[in-house]
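Any read-out appearing in this document is the output of simple, stated calculations on the displayed coordinates, not a laboratory observation. What you are looking at is a predicted structure, and each value in this text was computed from that prediction instead of being measured. Cβ: placed from backbone, ideal geometry, glycine included. Neighbour counts: every protein chain shown.
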Amino acid sequence: MRCEDDGSPWSPNRFSAQWHKAMRGMGQSVRFHDLRHTHATLLLRQGTHPKVVSERLGHPTVGITLDTYSHVLSDMQDEAAKRLDGALAVAMGNARHSTS
């Protein structure tokens, strides 16, 4: 981690300037804040509970996280429906076997 000559941390503006310089050097235009969104999106897509993601992001409520990342969650509706279908099929199969 880089710091000032006196050991104090870089100011946010200095960090941002160095980040942008590094990105330009690689021919990229990724904002540092984009990493935060990528982090949250990947966690939600992997099924991490939204409350956990909310806490990691420092959001005061899980509602903010859900509102911000609702596009990710809507993409997960098909997967949720498939999981429910599978669970119901197992339950129905177990119910048939227990009554026979």
| field | Charged-residue dipole, Cβ positions (Lys, Arg, Asp, Glu), the chain about Cα centre, Debye nearest 20 | value | 160
| query | Which listed residue (60, 25, 43) has the Cα farthest towards the positive end of the charge dipole for the chain, taking +1 on Lys and Arg C-beta and -1 on Asp and Glu C-beta about the Cα centre? | reply | 25
| field | Tilt relative to the chain, helix 12-25 - C-alpha long axis, 0 to 90 degrees, to 10 | value | 80
| query | Amide H neighbours of residue 10 under 5 Å, counting only residues 5+ apart in sequence or on other chains, H built in-plane at 1.01 Å? | reply | 4
| In the set (i) 17.4; (ii) 15.0; (iii) 14.1, which value of Kirkwood radius over Cα pairs in Å was calculated from the structure you see? | (i)
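Note down the relative contact order for the chain as a percent, whole number, built from C-alpha pairs under 8 angstrom at least six residues apart.
13
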| query | Could you work out the helix-only [θ] at 222 nm for the chain, with each DSSP H run of four or more residues adding -39,500 (n - 2.57) and the total divided by the number of residues, to the nearest 500 deg cm²/dmol? | reply | -22500 deg cm²/dmol
| Inter-site label distance for residue 16 and residue 41 at 7 Å from Cα along Cβ, in nm | 2.1
| task | Could you work out which residue, out of 40, 80, 17, moves most in a Gaussian network model of the chain, that is, has the largest mean-square fluctuation with Cα springs under 10 Å? | result | 17
